Structures are given as structure tokens and as C-alpha cells.
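Colleague: Take this structure, written in C-alpha cells, and hold onto it; I'll ask about it next.
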Amino acid sequence: IDILHPHDVLVFRHFRSEMVSRGHEIEVTARSKDVATDLLEAYGIPHTVLSDQATGALGLARELAVRTRRLIRVARAFRPDVMTELAGPSIIPAARLLRIPAAVFYDTEFATRTNRWVYPLATTVCTPDCYYGKVRGTHITYPSYQELAYLHPRRFTPSSERLEAFGVSADQPYSVVRFVSWQASHDSREIALTLEQQKDLIDRLAQHGKVLVSSEAPLPRELIGHQIPGPVEDIHHLLAFARAVVGESSTMTSEAAVLGTPAVFIAKTGRGYTDDQERRYGLTRTIPPTEFPEAIKAVDAAAAMSPEERSQRRGQLLEDKIDLTSWMVDFFEQTYG
């Protein structure tokens with residue numbers, strides 16, 4: 001299992017432990033990005049760091065070359081039956097050279113530069129059934145979201161006791177805001193919120209209670225007072241009891257939705273999964289930053305959703321979607337032995 005992003009740790013965490021309990025040997029390699037290695041250490045997952053996150057097109061290309069070379073060295077020593085990764089850019093060159101099957105999991109349609117060359121070279125591409133991008137190659141879909149690999153009720157139970165570390169409680173209204181750095185290769189078309197828009201967003205949410213902010217990039221001085229304290233591995237307990245989740249992260253938007261917390265995703269480019277959560281369950285809204293006044297209105301609507309309505313919408317989502325970890329275990333055992 002190769003880890004490129006903190007989210008990847010969460011997606012593969014329970015799959016890895018299930019496979020180990022069934023007698024499989026699992027090697028984990030990682031990229032030092034944001035809190036990815038912190039999460040691996042917090043969950044007690046042994047791993048080998050192959051690279052640090054680079055920035056810019058040239059930097060990312062150099063990092064990929066380094067990662068691929070080091071991954072080939074690890075794979076030659078470990079001799080896996082199959083390699084897997086979200087998105088797949090690191091494992092595909094190594095797998096092709098070593099003639100090892102490669103299973104790629106992904107859910108981001110507009111990452112076209114990566115998808116265009118990764119998908120045809122992968123042994124299998126696995127996506128949510130709401131994925132609307134074209135996949136050249138062997139394509140398998142599952143009725144779920146990546147976030148249900150770790151937030152399905154079989155895998156996660158929100159605990160109000162975990163909120164104390166964040167300085168809030170379950171009976172205290174609060175919202176969570178997430179800003180991203182837009183450094184990924186597929187983020188080039190995005191427009192970041194300006195500082196004034198960030199402040200306006202926080203001021204509006206503050207009318208509904210306390211506001212806690214998570215950010216990939218260092219927060220400006222004006223917003224430091226809202227920075228989320230507490231252990232990063234407990235963030236999903238915080239999302240589960242929030243009045244609303246708002247920001248630039250599609251992943252956190254989806255995490256909130258599957259936990260029954262209404263979310264507003266502010267970005268130019270939507271995703272099949274966030275669109276699905278908006279169209280079928282009314283738990284998300286995707287609004288471009290160029291329509292910021294509409295985003296502010298959506299924030300008010302999200303924060304005003306009643307607990308009963310949230311529960312009903314999440315219940316319908318969980319009736320329709322499966323525990324992705326169980327699907328992954330079955331897929332790998334049946335396909336690769």
C-alpha cells in the first residue's frame with residue numbers, strides 16, 4: 001500500500017488491519033505530506049517514507065521520479081502479489097517495470113493529467129459508482145464513497161467525550177471550516193478564497209456558534225485564534241457533532257455528509273461523490289468561490305438543519321451505500337488470492 005496523502009491512511013487503515021488478521025503480509029510506503037506520517041504513527045502502522053511533498057510542476061515531477069525509484073527498490077525486496085494506491089502515479093511505473101498487478105482506487109474526475117496515463121496502465125481501476133469520468137482500462141465500481149472505508153458505522157462511532165480536547169462539547173453549537181493549500185497537481189484550475197472571504201465566512205458561521213478552523217497552509221495572523229486544537233486522529237468526532245462543515249476540501253465535505261453533518265464545498269470543480277451527496281441526500285452543496293454570496297446563504301441553511309432531518313438523510317445514505325473496507329477485502333482476496 002502506497003500512501004500519498006493523509007486521506008489515504010484513513011482509506012486503507014482498516015483494510016490493512018483486516019488483511020493482516022487474515023494472514024496477509026502488508027508493506028506500507030508513504031509520502032511525508034501534511035499529517036500523513038503523523039496518522040500512520042498514531043495508528044501504529046509500520047511504514048517506510050519514500051519522499052517529502054514537493055511543490056510546483058517541476059518539483060512534483062522530481063518527487064515522482066524519486067518516489068518511483070525508491071518504490072521499485074522496496075517492491076523488489078518485498079515481492080508483493082499486488083500494489084495499490086489512491087490515484088496511482090507512484091505505483092504504476094514500478095508495477096509495470098516489475099510486472100506486478102496494480103489496483104488503483106480514485107474518485108477525482110478532473111485530475112485528468114494523472115488519470116489519462118495511470119488508468120490505461122493499471123490492472124484495475126476502482127471508483128465509486130457515482131464517478132462520472134471516463135476510465136480507459138479495466139474499471140470496477142462500488143456503491144459507496146472512499147470515506148465509508150473508515151466512517152461507516154461498522155468502523156467508526158462518534159464519541160462526545162473526544163470533544164473535550166478541542167475545547168467544545170456536544171451541546172455547544174460550533175462549526176468547522178477547512179482551508180486547503182491547492183498544491184496538488186489537479187488543483188491548478190481552482191481559485192482559493194481570499195483572506196477577506198475567509199474572514200466573512202468565519203464571521204457568518206460565528207452567528208451560529210463557535211468556529212474552528214483547519215488549514216493545510218499556515219493560517220494568517222487574523223485567523224490564528226480559530227485554529228483547531230486537539231489530536232488530528234480525533235477530527236471525525238469533531239465533524240460528527242458540528243452544526244456545519246464548510247470550506248475548500250471535498251474530502252472533509254464528504255466526511256461530514258456520511259456522518260450526517262451538512263456541508264458546503266466552495267470550489268470551482270465538483271466531484272461525482274459530492275454531487276451524489278447533494279442530489280440524492282441534500283447533505284452537501286457545491287458552490288464556486290465566484291458565487292461567494294450564494295455560499296454564505298448555503299452556510300446559513302446548513303447550520304439551520306434540524307437534528308431530525310440530518311438523521312433521516314444520513315439514514316437513507318447508509319441504506320444505499322456499503323462498508324467500503326469489506327468490499328476491498330473481498331475484492332483483493334477474490335482477485336489476487
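Residue-by-condition table, conditions (1) of a type outside the set (A, V, I, L, M, F, W, C); (2) farther than 25 Å from HIS139 by Cβ; (3) modelled with pLDDT under 95; (4) open to solvent by less than 40 Å² (accessible area, probe 1.4 Å):
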position	(1), (2), (3), (4)
LEU4	no, no, yes, yes
ARG31	yes, yes, yes, yes
ASP34	yes, yes, yes, no
LEU39	no, yes, yes, yes
ALA61	no, yes, yes, no
LEU64	no, no, yes, no
THR68	yes, no, yes, yes
ALA77	no, yes, no, no
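Colleague: Something else: Scanning region 217-227 for residues that are over 23 Å from PHE241 (Cβ atoms) and open to solvent by less than 50 Å² (accessible area, probe 1.4 Å), which turns out nearest to the chain's Cα centre (by Cα)?
Modeller: Going through the qualifying residues, I end up with ALA217.
Colleague: Can you tell me how many residues within region 36-54 are in contact (Cβ under 8 Å) with a residue 24 or more places away in the chain and either out of contact with any helix residue (DSSP H, G or I) (no Cβ under 9 Å at 6 or more places or on another chain) or within 21 Å of THR84 (Cβ to Cβ) (or both)?
Modeller: So the count comes out to 9.
Colleague: Do any residues in region 1-19 that are free of Cβ contacts under 8 Å to residues at least 40 places away in the same chain have Cβ atoms under 6 Å from those of residues that are surrounded by 22 or more Cβ atoms within 10 Å (Cβ to Cβ) and not in a helix (DSSP H, G or I), where the two are at least six apart or on different chains, and which pairs are they?
Modeller: Between residues of region 1-19 that are free of Cβ contacts under 8 Å to residues at least 40 places away in the same chain and residues that are surrounded by 22 or more Cβ atoms within 10 Å (Cβ to Cβ) and not in a helix (DSSP H, G or I), the close pairs are VAL9/ILE3.
Colleague: Given the residues TYR131, TYR142, TYR174, TYR150, which is the only one that is surrounded by 14 or more Cβ atoms within 10 Å (Cβ to Cβ), of a type in the set (Phe, Trp, Tyr), over 25 Å from TYR336 (Cβ atoms) and touching a residue at least 40 places away in the same chain (Cβ under 8 Å)?
Modeller: When all the criteria are applied, what remains is TYR174.
Colleague: Across region 306-327, which residue is nearest to PRO158 (Cα to Cα) among those that are touching a residue at least 60 places away in the same chain (Cβ under 8 Å) and open to solvent by 30 Å² or more (accessible area, probe 1.4 Å)?
Modeller: Restricting to residues being touching a residue at least 60 places away in the same chain (Cβ under 8 Å) and open to solvent by 30 Å² or more (accessible area, probe 1.4 Å), the top hit is LEU318.
Colleague: Here is a further query. Return yes or no: is ALA103 within 21 Å of the chain's Cα centre (by Cα), outside any helix (DSSP H, G or I), aliphatic (A, V, I, L, M) and at pLDDT below 95?
Modeller: Against the criterion (within 21 Å of the chain's Cα centre (by Cα), outside any helix (DSSP H, G or I), aliphatic (A, V, I, L, M) and at pLDDT below 95), ALA103 does not qualify.
Colleague: Scan region 189-208 and report the pairs whose first residue is without any contact (Cβ under 8 Å) to a residue 12 or more places away in the chain and among the hydroxyl-bearing types (Ser, Thr, Tyr) and whose second residue is open to solvent by 60 Å² or more (accessible area, probe 1.4 Å) and part of a helix (DSSP H, G or I), with Cβ atoms within less than 6 Å and a gap of 6+ or a chain change.
Modeller: Every condition considered, no pair remains.
The values are calculated or read from the model by the stated rules, or taken from the named source; none is laboratory data. Remember, predicted model here, so these are calculated numbers, not experimental data. When we count neighbours, we look across all protein chains shown, and the Cβ atoms used for this are built from the backbone with ideal geometry, even at glycine. Each accessible area value is taken on the protein alone, full model and side chains, heavy atoms only, with ligands, DNA and RNA left out. Shrake-Rupley method; radii C 1.70, N 1.55, O 1.52, S 1.80 Å.
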